[in-house]
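Reading through the structure tokens given below for one structure.
The values are calculated or read from the model by the stated rules, or taken from the named source; none is laboratory data. Nothing here was measured: the structure is a model prediction, and the numbers come from that model. Don't worry about glycine lacking a Cβ; one is built from the backbone with ideal geometry, like all the others, and counts go over all protein chains shown.
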Amino acid sequence: MKLRIKGDSLRLRVTQGELGEFASRGRVEDRIRFAAGHSLTYRLSIDRSASHLAAGLSGDAIEVRVPEALAREWSGTDLVTLAGTQDLGDGALRIVVEKDWACLAPREGEDESDSFPHPEGTTRC
């Protein structure tokens with residue numbers, strides 16, 4: 001799973017295997033280690049009580065919660081992107097969750113063996 005944070009924008013991109021795990025277990029997560037004992041976990045989970053896409057931060061973990069019906073639709077169809085905003089009181093957090101497409105041109109050091117096939121005619125990467 002890839003995590004991108006820029007300002008008040010949070011984006012997760014999941015591979016085919018991660019989407020399968022998300023659909024079957026109701027969650028998928030990854031982490032980045034910084035030093036001994038210090039890491040940041042990022043998680044995507046199905047929330048049966050949620051009515052919209054939401055994100056939270058607790059300790060050393062970021063969690064993006066997806067309403068159950070939306071999660072089932074996304075994981076079981078060709079729908080690529082889930083997007084929403086979360087009110088921050090003084091602004092909004094933009095949340096995007098996407099299926100990770102393979103790039104059109106190979107990139108050195110990038111393993112895309114589990115990425116979704118890139119649709120023809122599209123230059124997005």
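Key figures for this structure:
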| item | result |
| --- | --- |
| Residue, nearest to the chain's Cα centre (by Cα), within the range 72-90, restricted to residues that are surrounded by 11 or more Cβ atoms within 10 Å (Cβ to Cβ) and more than 14 Å from Arg13 (Cα to Cα) | Gly84 |
| Selected residue (criterion: nearest to Glu73 (Cα to Cα)) from residues of the range 1-44 that are in contact (Cβ under 8 Å) with a residue 12 or more places away in the chain and of a type in the set (Asp, Glu) | Glu18 |
| Subset tally (residues that are in contact with a Phe, Trp or Tyr (Cβ under 8 Å, 6 or more places away or on another chain) and assigned to a strand (DSSP E or B)) for the range 67-101 | 4 |
| Failed item, numbered, when Ile32 is tested on (1) at pLDDT below 95; (2) among the aliphatic types (A, V, I, L, M); (3) over 11 Å from the mean Cα position of the chain (by Cα) | (1) |
| Filtered residues of the range 38-51 (kept if part of a loop (DSSP other than H, G, I, E, B) and either more than 21 Å from Glu21 (Cα to Cα) or under 13 Å from the mean Cα position of the chain (by Cα) (or both)) | Ser51 |
| Residue pairs meeting the criteria (Cβ under 9 Å; at least 6 apart or on separate chains; first touching a residue at least 60 places away in the same chain (Cβ under 8 Å), in the range 84-98; second in a loop (DSSP other than H, G, I, E, B) and of a type in the set (A, V, I, L, M, F, W, C)) | Ile95/Leu53; Val96/Leu53; Val97/Leu53; Glu98/Val80 |
| One residue from Arg124, Arg65 being surrounded by 10 or more Cβ atoms within 10 Å (Cβ to Cβ), of a type in the set (Lys, Arg) and modelled with pLDDT of 60 or more | Arg65 |
| Residues satisfying the stated conditions in the range 1-49, i.e. acidic (Asp, Glu) and either touching a Lys or Arg at 6+ places or on another chain (Cβ under 9 Å) or loosely packed, with under 15 Cβ neighbours inside 10 Å (or both) | Asp8, Glu21, Glu29, Asp30, Asp47 |
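So that you can scan it fast, the table gives a plain yes or no per residue for (1) among the aliphatic types (A, V, I, L, M); (2) farther than 20 Å from Ala92 by Cα; (3) in contact with an Asp or Glu (Cβ under 7 Å, 6 or more places away or on another chain):
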site	(1), (2), (3)
Lys2	no, yes, yes
Gly7	no, no, no
Leu10	yes, no, no
Arg31	no, yes, no
Phe34	no, yes, no
Asp60	no, yes, no
